[in-house]
Amino acid sequence: MENKKIHSFNERRSSALNGGGLSQIEKQHSRGKLTARERIEKLLDPGSFVETGMYVTHHATGFGMENQHPYTDGVVTGWGKIDNRLVYIFAQDFTILGGSLGEAHGRKIAYLMDLAYQNGAPIIGLNDSGGARIQEGVASLDAYGEIFFRNTRASGVIPQISIILGPTAGGSVYSPGINDFIFMVEKTSNMFITGPEVIKAVTHEEIDFESLGGSSVHSEKSGVAHFSADNEEVAFLQVRELLSYLPQNNLSSPPIIHSSDDPKRQLPEINNLIPDDPQIPYEIRDVISLIADDGNFFEVQSDYAQNIVIGFSRLNGKSVGFVANQPNHLAGVLDINASDKAARFIRFCDAFHIPLITLVDTPGFLPGSDQEHNGIIRHGAKLIYAYAEATVPKIALILRKAYGGAYIVMSSKQLKCDYNLAWPQAEIAVMGPEGAVKIIFRKDIQESPNPKKSAEEKTRLFREEFANPYQAASRGSVDDVILPEQTRQRIIEVLESLHEKRQETPARKHGNIPL
Ligand code: HXC
């Protein structure tokens with residue numbers, strides 16, 4: 001080949017590989033951020049990346065756009081491998097036009113989404129963008145529409161993951177918003193619909209980027225983010241770990257990763273974890289770790305609605321999703337945020353063939369006008385809906401308290417849980433003994449010469465009568481009462497029997513989950 005052509009090839013390629021140029025790359029590094037290509041390199045298996053559309057440029061004119069045509073148009077797209085499994089990936093390049101999304105940039109992402117959808121592999125978006133490219137006007141807005149449509153179409157078909165690695169402003173937030181999981185990085189990433197300057201102009205509120213939409217805000221307060229990491233490399237490790245629990249798509253099964261952990265392992269330590277007094281809390285994560293293969297529990301949304309704990313583990317090598325009330329936080333009550341958090345996780349697991357293990361220890365729904373006025377009826381209903389709708393294998397274990405609505409909601413037999421277990425110390429009743437005796441024995445207590453003693457005695461009797469698992473077991477609502485140390489062995493036994501579970505769902509366009 002002529003030298004001139006090789007020279008031109010080399011020049012173009014090097015220009016494409018250099019993004020926005022050395023000074024922009026230095027600026028990016030000085031902010032503690034990697035470049036788009038460095039990120040892809042670190043996240044994927046070495047040498048596995050295959051790029052699409054490297055030489056794409058925008059064709060916009062006006063506002064000086066005609067003078068700059070950077071290759072990639074500010075987004076590096078392609079596919080590669082994670083743990084030798086195919087993934088599709090795009091990384092916005094903040095060094096080019098602030099990673100803003102114009103028509104060509106959007107078209108590249110949409111094309112990649114089509115490939116991921118057709119080939120049944122997860123798609124991972126690395127977001128670092130100023131949002132809709134202002135110079136391209138409506139073409140840029142339209143490009144977002146194309147992406148949102150594809151996100152929705154792919155929902156429940158392939159896992160969709162967003163990693164937020166810089167500003168993610170305006171239209172850029174809604175593709176992650178539809179995705180299954182959002183990862184953020186402390187201090188360098190933020191997400192907001194309108195930035196601090198617009199907020200100040202419109203409402204006079206003064207707020208900085210971090211307080212408005214930083215990683216801790218979205219991990220603790222809004223619940224938008226599922227994972228938060230100290231730096232980009234930790235976020236990439238988290239993404240790789242998450243994918244190890246997931247199937248490639250809705251038609252395949254999650255990978256089975258066997259360990260040497262004996263499926264029949266007994267858990268004598270568990271008795272030291274659970275206090276005899278039902279009023280004393282304990283850490284449910286310790287219980288999950290004891291049950292799980294090698295103690296591994298990959299928690300999702302660990303800092304949000306901490307009264308419920310959700311996440312992935314393996315049992316005898318197979319992926320499962322744990323949903324567990326957390327007695328260590330607000331006594332494990334169910335409230336609006338906990339209901340939303342758990343319902344979405346249940347639906348994800350159901351869409352991707354991941355069996356659900358529910359650990360129940362909750363005094364019930366949180367009372368109060370705040371919860372009522374903010375729609376606990378609507379939000380709690382999501383949890384019921386999600387459990388009832390899920391057709392994956394479902395196993396539930398009542399550890400201690402399962403009172404009232406919470407007993408029904410938390411994967412009860414009547415919501416078509418496949419197997420319901422309880423420990424001997426389980427308490428299943430319409431409400432807790434103290435509240436119950438005040439209602440049904442109010443007159444007796446008031447008229448007694450020693451009301452306090454009478455209330456205590458009645459509470460004790462109520463507890464003996466109702467606060468145990470045997471009434472529920474006698475009705476078949478609990479399949480078996482087991483000793484705590486048998487928990488891992490018994491759950492695995494049941495899980496194995498459900499491996500080929502098939503359950504028909506009614507023909508309909510879709511249900512109408514309360515939102
Ligand atoms: C075009 C943009 C841009 C954008 C940033 N740039 N955002 N170019 N369109 N939306 C360019 C800047 O002009 C600059 O170019 C370069 O990117 C880096 O930006 P800086 O401002 O210098 O960087 P920084 O100080 O780090 O601030 C980053 C930022 C800020 C916070 C993202 O740029 C910003 O506030 N941008 C606008 C964010 C926003 O409001 N987006 C919403 C758009 S509306 P030079 O050439 O100087 O290097 C939207 C609606 C869609 O998205 C709705 C769909 C539902």
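The values are calculated or read from the model by the stated rules, or taken from the named source; none is laboratory data. Since the model is a prediction, treat every value here as computed from it, not as a measurement. All Cβ positions, even for glycine, are placed from backbone atoms using ideal geometry, and neighbour counts span all protein chains on display.
Within the range 367-391, how many residues are assigned to a loop (DSSP other than H, G, I, E, B) and closer than 22 Å to residue 503 by Cα?
Counting residues in the range 367-391 that are assigned to a loop (DSSP other than H, G, I, E, B) and closer than 22 Å to residue 503 by Cα gives 2.
Go through the range 159-185 and give me each residue that's farther than 14 Å from residue 128 by Cα and not hydrophobic (A, V, I, L, M, F, W, C).
Result: 159, 160, 177, 179, 180.
Of these, 55, 117, 71, which one is away from the ligand (no atom under 11 Å from the Cβ), closer than 21 Å to residue 182 by Cβ and out of contact with any strand residue (DSSP E or B) (no Cβ under 7 Å at 6 or more places or on another chain)?
117
If residue 467 meets every condition in (1) at pLDDT below 95; (2) out of contact with any Asp or Glu (no Cβ under 6 Å at 6 or more places or on another chain) apart from one, which number is that one?
(2)
Please specify each residue of the range 101-123 satisfying the condition of being buried (at least 24 other Cβ atoms within 10 Å of the Cβ) and either modelled with pLDDT under 95 or part of a loop (DSSP other than H, G, I, E, B) (or both).
Residues satisfying the conditions are 102, 122.
Tally time: how many residues in the range 91-108 are over 18 Å from residue 35 (Cβ atoms) and more than 14 Å from the ligand (Cβ to nearest atom)?
1
Given the conditions (1) more than 16 Å from the ligand (Cβ to nearest atom); (2) among the aliphatic types (A, V, I, L, M); (3) farther than 20 Å from residue 351 by Cβ; (4) outside any helix (DSSP H, G or I), which single one is not true for residue 246?
In the conditions (1) more than 16 Å from the ligand (Cβ to nearest atom); (2) among the aliphatic types (A, V, I, L, M); (3) farther than 20 Å from residue 351 by Cβ; (4) outside any helix (DSSP H, G or I), residue 246 misses (3) alone.
Considering only residues that are within 20 Å of residue 70 (Cα to Cα) and more than 15 Å from the ligand (Cβ to nearest atom), which ones fall in the range 35-51? Give the derivation first.
Pass one, the range 35-51, residues within 20 Å of residue 70 (Cα to Cα): 35-40, 50-51.
Within the range 35-51, 37, 38, 39, 40, 50, 51 qualify.
Filter the range 481-503 down to the residues that are assigned to a loop (DSSP other than H, G, I, E, B) and within 27 Å of residue 267 (Cα to Cα) and list them by number.
482, 483, 498, 499
Name the single residue, out of those in the range 74-90 being without any contact (Cβ under 8 Å) to a residue 60 or more places away in the chain and out of contact with any Ser or Thr (no Cβ under 7 Å at 6 or more places or on another chain), that is nearest to the ligand (Cβ to nearest atom).
Going through the qualifying residues, I end up with 75.
Name the pairs: first residue in the range 464-491 and crowded, with 20+ Cβ neighbours inside 10 Å, second residue of a type in the set (Gly, Ala, Ser) and in a helix (DSSP H, G or I), Cβ to Cβ under 6 Å, at least 6 apart or on different chains?
From the range 464-491, the pairs are 478/472.
It is to be established whether one or more residues within the range 60-74 are of a type outside the set (D, E, K, R) and under 22 Å from residue 236 (Cβ atoms).
We begin by selecting, within the range 60-74, every residue of a type outside the set (D, E, K, R); these are 60-65, 67-72, 74.
After this cut, where a residue has to be under 22 Å from residue 236 (Cβ atoms) as well, the list is 72, 74.
Within the range 60-74, one or more residues are of a type outside the set (D, E, K, R) and under 22 Å from residue 236 (Cβ atoms).
From the residues in the range 142-182 that are of a type in the set (Phe, Trp, Tyr) and in a helix (DSSP H, G or I), which one is surrounded by the fewest Cβ atoms within 10 Å (Cβ to Cβ)?
Applying the filter and picking the extreme gives 149.
Output the number of the condition that residue 187 fails; it satisfies all remaining conditions of (1) part of a loop (DSSP other than H, G, I, E, B); (2) within 12 Å of the ligand (Cβ to nearest atom).
Condition not satisfied by residue 187: (2).
Name the pairs: first residue in the range 148-177 and under 19 Å from residue 235 (Cα atoms), second residue acidic (Asp, Glu) and more than 15 Å from the ligand (Cβ to nearest atom), Cβ to Cβ under 8 Å, at least 6 apart or on different chains?
Listed pairs, sorted by first residue: 159/180; 160/180; 161/180; 165/232.
May I ask you to list pairs of residues, at least six apart or on different chains, whose Cβ atoms are under 8 Å apart, with the first in the range 33-56 being over 14 Å from residue 87 (Cα atoms) and the second being assigned to a strand (DSSP E or B) and small (Gly, Ala, Ser)?
Filtered contacts from the range 33-56: 33/166; 36/91; 37/91; 39/91.
What number of residues within the range 250-273 are touching a residue at least 40 places away in the same chain (Cβ under 8 Å) and either assigned to a helix (DSSP H, G or I) or aromatic (Phe, Trp, Tyr) (or both)?
Count: 2.
Please enumerate the residues belonging to the range 124-141 that are in a helix (DSSP H, G or I), near the ligand (Cβ under 10 Å from one of its atoms) and either over 27 Å from residue 188 (Cα atoms) or of a type in the set (D, E, K, R) (or both).
Residue satisfying the conditions is 136 alone.
Under the condition of being free of Cβ contacts under 8 Å to residues at least 24 places away in the same chain, in a helix (DSSP H, G or I) and more than 11 Å from the ligand (Cβ to nearest atom), which residue from the range 192-216 is surrounded by the most Cβ atoms within 10 Å (Cβ to Cβ)?
210
Being among the acidic types (Asp, Glu) and either closer than 23 Å to residue 78 by Cβ or surrounded by 17 or more Cβ atoms within 10 Å (Cβ to Cβ) (or both) is true for just one of 128, 230. Which residue is that?
Among 128, 230, only 128 is among the acidic types (Asp, Glu) and either closer than 23 Å to residue 78 by Cβ or surrounded by 17 or more Cβ atoms within 10 Å (Cβ to Cβ) (or both).
Residues that are charged (D, E, K, R) and closer than 23 Å to residue 279 by Cβ, at least 2 per element: which helices (runs of 4 or more DSSP H) completely within the range 398-480 meet that?
Fully inside the range 398-480 and qualifying: 433-440, 451-466.
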